[in-house]
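The values are calculated or read from the model by the stated rules, or taken from the named source; none is laboratory data. Because the structure is a prediction, the values reported are computed rather than measured. Positions of Cβ are backbone-derived with ideal geometry, glycine not excepted, and every protein chain shown enters the neighbour counts. We work out accessible area using only protein heavy atoms, side chains counted, and drop any ligands, DNA or RNA first. Shrake-Rupley method; radii C 1.70, N 1.55, O 1.52, S 1.80 Å.
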Amino acid sequence: MLVAVAFLAFSVPPYLTLDPAESRLEPPPGNDLYYPLLVAHVLFGTVAMVTACFQIWPAFRARYRRGHRITGRIYVFAGALPAGAMGLYIGWHTPAGPSVRVANLVGSVLWIAITLIGLRMARQRRFGEHRRWMSRSFALAMSIVLSRVINVVATIVLTPQLETTFGGSEELMRYSAVSIGAWLSPLLLLLLADWVLERRKRANPRPAHLPRRSSSRE
């Protein structure tokens with residue numbers, strides 16, 4: 001939660017001004033739809049990140065069942081689904097090249113699909129599977145944070161190759177670093193989420209069913 005708050009405190013304020021000049025992503029020339037959808041994507045994503053923290057907080061989930069259901073609905077319908085849908089448009093119009101474009105589209109589709117599966121499991125009262133799928137949805141919601149860290153690391157690693165691999169183009173090197181972050185961050189967090197889920201499953205195995213007692217008539 002602290003990491004999410006720190007990230008949002010740094011990333012969100014420029015978009016609250018509603019001034020395209022303050023945007024961290026430059027709107028494509030002549031595309032008047034991009035910036036409003038980008039602002040909406042950021043705001044819906046903020047809702048998703050904040051409510052997701054409450055969703056995976058075991059004490060909150062156990063003590064405030066109704067609060068868990070309410071924040072869950074907010075996460076799905078006012079966070080993940082609209083943010084993911086707008087992420088499709090924003091991702092398609094990225095200036096960072098085809099690799100980043102595909103990574104953004106794949107990430108948005110996965111986020112939407114996994115969130116809908118988690119919602120379906122809850123409505124079918126299959127709460128164990130619901131928790132597993134929503135943990136994966138949480139991982140994808142937070143992948144934007146890890147991607148920024150990976151981008152910095154990738155830039156540092158790639159800088160010595162600026163004159164060789166990238167022919168002196170800082171823009172090409174920057175887009176390559178962004179591509180590494182866009183692909184690696186959701187992959188690592190999904191793997192981490194499933195690893196944690198499997199550890200918990202092994203640590204708390206479901207009790208085997210007791211054999212049926214034979215009746216006195218048998």
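For the chain, return all DSSP H helices satisfying: extent of Cα atoms along own axis at least 18 Å; mean Kyte-Doolittle hydropathy at least -0.5. Present the calculation step by step, with values, prior to reporting the outcome.
On the way: long enough: 34-55 (30 Å, 1.40); 98-123 (38 Å, 1.16); 127-141 (20 Å, -0.55); 143-158 (21 Å, 2.10); 170-203 (48 Å, 0.38).
Counting only whole DSSP H runs, the qualifying helices are 34-55, 98-123, 143-158, 170-203.
Does segment 20-137 come out rounded, prolate or oblate by the C-alpha gyration tensor, with a ≥ b ≥ c the root eigenvalues, rounded set by a/c under 1.5 and, if not, prolate when a/b is larger than b/c and oblate if not?
Numbers: a/c = 3.04, a/b = 2.02, b/c = 1.51.
It comes out prolate by the Cα gyration axes.
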Average Cα contact separation per residue, segment 52-158, under 8 Å, 6 or more apart, as relative contact order %:
19
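What size of dipole, in debye to the nearest 20, comes out for segment 1-156 about its Cα centre when the only charges are +1 on Lys and Arg C-beta atoms and -1 on Asp and Glu C-beta atoms? Each step should come with its number before you reach the end.
Numbers: 16 positive and 5 negative charges, 264 e Å.
Here segment 1-156 has a charge dipole of around 1260 debye.
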State the answer as a single residue: which of Pro95, Gln161, Met173 lies farthest towards the positive end of the charge dipole of segment 85-186, with beta carbon charges of +1 for Lys and Arg and -1 for Asp and Glu, about the Cα centre.
Pro95
Taking the reciprocal of mean 1/r across every pair of different Cα atoms in the chain, the Kirkwood radius in Å is 19.3
Extending each Cα 7 Å along its Cβ direction at Leu18 and Phe60, get the distance between those two points in nm, one decimal.
2.9
Carbon + sulfur, % of accessible area of segment 78-142 - ligands and nucleic acids excluded, 1.4 Å:
67
For the chain, built as a Gaussian network whose Cα springs stay under 10 Å, the top-fluctuating residue of Asn151, Asn31, Asn104:
Asn31
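Please give the FRET efficiency for Glu129 paired with Val153, using the beta carbon to beta carbon distance and R0 = 30 Å, rounded to the nearest 0.05.
Details: r = 35 Å, r/R0 = 1.15.
About 0.30, to the nearest 0.05.
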Give the accessible surface of segment 114-166 per residue, rounded to a whole number of Å², with probe radius 1.4 Å and ligands, DNA and RNA excluded.
58
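For a quick protection proxy, order the peptides 140-150, 61-71 by their average other-Cβ count within 10 Å, most packed first.
Numbers: 140-150: 20.4, 61-71: 12.9.
The most tightly packed comes first, giving 140-150, 61-71.
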Using only the heavy atoms of the protein chains and a 1.4 Å probe, how would Trp92, Trp57 rank by accessible area, largest first?
Trp92, Trp57
Of the residues Val152, Val178, Val50, which exhibits the maximal mean-square fluctuation in a Gaussian network model of the chain defined by a 10 Å Cα contact cut-off?
Val152
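What relative contact order, as a whole-number percentage, does the chain give when Cα pairs under 8 Å and 6 or more residues apart are counted?
16
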